[in-house]
1. For region 21-61, which trypsin sites (Lys or Arg not before Pro) are both in a DSSP coil and crowded by at most 15 other Cβ atoms within 10 Å?
2. Report, in debye and to the nearest 20, how large the dipole of region 22-74 comes out about its Cα centre when Lys and Arg carry +1 and Asp and Glu carry -1 on their Cβ.
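Each value in this text was obtained by applying a stated rule to the coordinates, not by laboratory testing. As the structure is a prediction and not an experimental result, all values here were calculated from the model. In this analysis, Cβ positions are derived from the backbone assuming ideal geometry, glycine residues included, and neighbour counts consider all displayed protein chains.
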Amino acid sequence: MRGWAPGTAPATSVEITSATVQRGDVIQIGGHPCRVTDLLQLPGGAKRLCFESGELLTMHSRSRLVAVRTLRGGDAGRAFSPSRHRR
């Protein structure tokens with residue numbers, strides 16, 4: 001996959017739905033990592049995901065997938081030590 005090198009930034013596996021998918025998420029499809037570059041909201045809570053490769057995937061509102069999410073800047077501390085932010 002163009003422009004993506006594993007290990008360049010902290011990353012974590014997350015379960016995603018059409019409501020939580022984000023640009024930059026990497027989803028493994030058919031053994032190939034695909035990075036989400038754009039999202040299009042569809043009726044009924046579904047989303048169409050556009051990947052770097054130009055391929056499209058329509059995610060139903062009840063679909064659940066596992067993605068690798070790269071943590072950026074301040075997100076890294078929150079993801080790895082949630083107790084730090086408790087009140």
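1. Arg23
2. So the dipole magnitude of region 22-74 works out to roughly 220 debye.
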